[in-house]
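Readers should treat all values here as calculations from the given coordinates under stated rules, not as data from a laboratory. In this text, all values refer to a predicted model and were calculated from it rather than measured experimentally. For neighbour counting, all protein chains shown are included, and Cβ atoms are generated from backbone atoms with ideal geometry for every residue, glycine included.
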Amino acid sequence: MNVLLGMLLFIGISKLNAQNTGTKILETNINNPDDILLLAAPRTLGEKIEGSPHISQDFLPASINELKNTQLVRFNAALDVMEILNENDATMVLSKAVRYRIVLKDGSGKVYENHAFIVDGETKSGYFSPIGEVSQTMVLYKKENIRFIQGKLAKSSLEQDVPSKFKREKDTYYLKKNDAIEMEELPSSKNAFIKKFDKINVKAYMKKNKLDFKSEEDLITLLTYYFQ
């Protein structure tokens with residue numbers, strides 16, 4: 001069985017409540033605490049896999065929405081889910097049916113928010129980190145990516161098995177308008193970016209101001225200039 005499929009098959013699909021999760025996550029002052037969902041965390045099928053699906057291997061302290069208690073979370077970028085430890089040290093997953101703003105309390109101040117975006121023509125929900133405002137109505141977000149690569153068994157004694165692995169890939173960037181439902185992905189190549197934002201002479205502006213397309217700070221400067 002495909003290992004990633006096996007991971008997905010272990011994800012719970014039923015709504016959990018405070019009685020059967022033993023977690024404090026539902027003890028909140030959010031408008032509709034009954035709408036907060038916790039799902040069973042994904043698990044692998046025992047195959048040894050190189051790498052990790054997580055951005056951070058450790059669970060980090062974080063605030064979630066208006067919850068009073070600090071929670072322990074880690075981002076599973078391979079499955080695009082936010083894992084959380086309940087009070088019994090069981091790993092759960094926050095359902096994307098609820099909108100979350102998660103602020104890490106590890107000193108980084110890093111923020112995760114779940115938003116809708118399009119993948120291969122299909123609308124999905126995933127986690128993004130806001131990088132900065134580029135206008136009064138638009139924010140630049142970063143999406144961290146980890147891809148699962150299925151291994152291969154050796155076809156003969158002359159070959160070796162190729163283990164499955166998680167591969168950290170380049171971050172992708174998205175724009176989110178205040179009134180938009182979905183995120184808009186930015187081109188990943190410099191030439192495609194210049195072509196997309198051809199209303200002004202982006203290339204000349206980048207050269208004049210010595211802007212690096214791969215720098216988040218410079219990307220914000222460039223987009224702010226474009227949308228001003």
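Projected label points at residue 177 and residue 209, each 7 Å from Cα along the beta carbon direction, are separated by 2.2 nanometres. Model label points for residue 162 and residue 119, set 7 angstrom from Cα along the Cα-to-Cβ axis, are 2.2 nm apart.
Compared with the direct C-alpha span, the chain from residue 137 to residue 198 gains 19.9 nm at full extension, assuming 0.36 nm per residue. Local charge sum around residue 124 (other residues, Cβ-Cβ under 13 Å, Lys/Arg +1, Asp/Glu -1)? Around residue 124, the surrounding residues sum to -3. With the cut-off at 1.5 for a/c, could you classify the stretch 68-212 from its C-alpha gyration tensor as rounded, prolate or oblate? Oblate, since a/c reaches 1.5 and b/c is not below a/b. Whole-Hz Karplus values for the stretch 52-62 come out as 9, x, 9, 5, 10, 6, 8, 6, 10, x, 7 Hz, taken residue by residue from phi with 6.51 cos²θ - 1.76 cosθ + 1.60 and θ = phi - 60°; glycine and proline positions read x. In order along the stretch 150-166, the Karplus-derived 3J(HN,Hα) couplings, from 6.51 cos²θ - 1.76 cosθ + 1.60 at θ = phi - 60°, round to 5, x, 10, 7, 5, 8, 8, 6, 7, 10, 10, 4, 9, x, 5, 8, 9 Hz, and Gly and Pro are given as x.
The amide H of residue 151, built 1.01 Å from its N in the peptide plane, has 164, 165 as neighbours under 5 Å, considering only residues 5 or more places off or on other chains.
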